[in-house]
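The values are calculated or read from the model by the stated rules, or taken from the named source; none is laboratory data. Small disclaimer: the values here were computed from a predicted structure and weren't measured. Cβ atoms come from the backbone with ideal geometry, glycine included; neighbour counts cover every protein chain shown. The protein model used for the area step is the full one, side chains on, heavy atoms only, and it has no ligands, DNA or RNA in it. Shrake-Rupley method; radii C 1.70, N 1.55, O 1.52, S 1.80 Å.
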Amino acid sequence: MQLRTTAFAKGGEAIARESTGRVVFIAGALPDETVEVELTEERKEFARARVLEVIEASPDRIAPPCPHVAEGCGGCDLQHATPEAQLRLKQGIVLDVLRKIGRFADEDLPEIDVVPLAATGYRTTVRGLVLNERFAFQRRGSNDPIGVESCLVLHPLLDELVREGRFGNAHAVTLRCGARSGERLAFFEPRVPRRRQLPDDVVTAGSAELRADRKGQMPSYREVVAGHTFRISATSFFQVRAGGADALVDTVRSMAGPIDQSTRFVDLYGGVGLFAATVGAAAGLLTLVEQSAAAVRDARINLGGRDARIISGAVEAWTPERADVVVADPARSGLGKLGVAKIAGTRASRVVLVSCDPAAFARDAQLLKAKKYRLERCTIVDLFPQTSHVEVVSSFVPDAPDD
Ligand SMILES: C[S@@+](CC[C@H](N)C(=O)[O-])C[C@H]1O[C@@H](n2cnc3c(N)ncnc32)[C@H](O)[C@@H]1O
């Protein structure tokens, strides 16, 4: 069927309506296009479709620069839009979720600033499947593997492993590197295969081996961000690009405001200590809360020279302490009611939220609003060009400052 698209949704699909009024989310389409589509999923209230042919193209459309997109690779879902259009679409997504999910009135919407980043050769962490011993991504819209010769968005240190590495009979592998340390790590699922081909410098780890030897030394690599060297264990979270982590640190720093010896700084969902070791470095009191035991061990090393309270456990179980600045960088599900209640319990005069899912961001912004925190600034740090992933940094201040 032919459809005319009118808008863009947070999942990276264009939106159209059938003659019946039913909404159709179309993968591979952009707003203001006429496309011939095939339905891939049908529900009563909506359907999903994929583009068979673009009849009338948006001026924002380009040929995807990577040949694997045409072959069905599901790694990048926005290569068919110009880099400028990708940023505009992401700004539109953030405004849309704030209106629809966050229920913000137009007059309460902030400017959505954007920090653009290089669109190729950037990723320093990637998880793939193994197909015939080679690295593979997931095929678009399925769990099936699709082999790739090379990857446009991977850092050259990892692209070399994709091109030349052999990963034996593993099911999946996560490749990680420090762009500035040059160190590389391959994390296999379920275990490190005996038959593998990787350069000698690549440190290996396997999920089954790590489970069996919980007390053993976990393999790690190092990355340098904002002049600080971080140890990152095989299973610890770290941002997907070094320059992107610099940009996040800069953005969080500018939203957090001045920090000195009188500042009580709390880093929730603190990981290996990225924000605590940089933005919070000058604070008089520093607390980090993190539930991954491996990340907590890393944070202890990364904040080694500091007198910091590092709390190993879930934010939901933490007893909030009085703070001036709270930085919170939760997983995709966001803060939720409990996380927001903990932040409100600190009575912080400044809250900086780092969100990797726009819908969760809008829900959290609404929950913070209900706790009398006003959304002040909002910046997209474009960590994931060529894809529809949106990373939002936002700041909140109390409606009536409480001192
Ligand atoms: C998006 S990462 C951010 C980490 C760190 N801020 C950084 O930028 O590197 C989210 C972190 O929250 C941790 N985490 C997830 N759920 C949590 C929870 N309920 N309580 C505490 N930490 C949690 C994860 O282990 C992960 O390290």
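Structure values in brief
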{"read-out": "Per-residue HN-Hα couplings for the range 330-336 [Karplus 6.51, -1.76, 1.60; θ = phi - 60°; Hz; x = Gly/Pro]", "value": "x, 5, 3, 6, x, 6, x"}
{"read-out": "Total charge dipole magnitude, the chain, about the Cα centre, Cβ charges on Lys, Arg, Asp, Glu only, Debye to nearest 20", "value": "1320"}
{"read-out": "Whole-number Å³ per residue for the convex hull built on Cα positions in the chain", "value": "147"}
{"read-out": "Positive dipole terminus of the chain, leading residue within Ser150, Leu78, Ala29 (C-beta point charges)", "value": "Ser150"}
{"read-out": "For peptides 102-110, 237-245, sequence by mean Cβ density within 10 Å, most packed first", "value": "237-245, 102-110"}
{"read-out": "Rounded accessible area per residue of the chain, 1.4 Å, Å²", "value": "45"}
{"read-out": "Alpha carbon centroid spacing (whole Å) that separates the range 78-112 from the range 305-346", "value": "27"}
{"read-out": "Amide hydrogen neighbours beyond the local backbone of Ile310, cut-off 5 Å, H modeled", "value": "Leu288"}
{"read-out": "Cβ-based charge dipole, the range 220-315, positive-most Cα from Thr263, Gly243, Ile232", "value": "Ile232"}
{"read-out": "Kirkwood Rh in Å, taken over all unlike Cα pairs in the range 1-61", "value": "11.1"}
{"read-out": "Antiparallel bridges, percent of DSSP beta bridges restricted to the chain (to nearest 5)", "value": "65"}
{"read-out": "Accessible-area composition of the range 125-224, carbon plus sulfur, in percent [1.4 Å probe]", "value": "45"}
{"read-out": "Debye log10 I(q)/I(0) for the range 208-328, one point scatterer per Cα, at q = 0.13, 0.15, 0.21 Å⁻¹", "value": "-0.49, -0.65, -1.21"}
{"read-out": "Mean shadow area of the range 49-107 over all directions, Cα convex hull, nm²", "value": "5.8"}
{"read-out": "Percent RCO, i.e. relative contact order, over the range 125-224, from Cα pairs under 8 Å lying at least 6 residues apart", "value": "24"}
{"read-out": "³J(HN,Hα), Karplus 6.51/-1.76/1.60, whole Hz, each residue of the range 35-44, x for Gly, Pro", "value": "9, 8, 10, 10, 6, 10, 7, 10, 10, 5"}
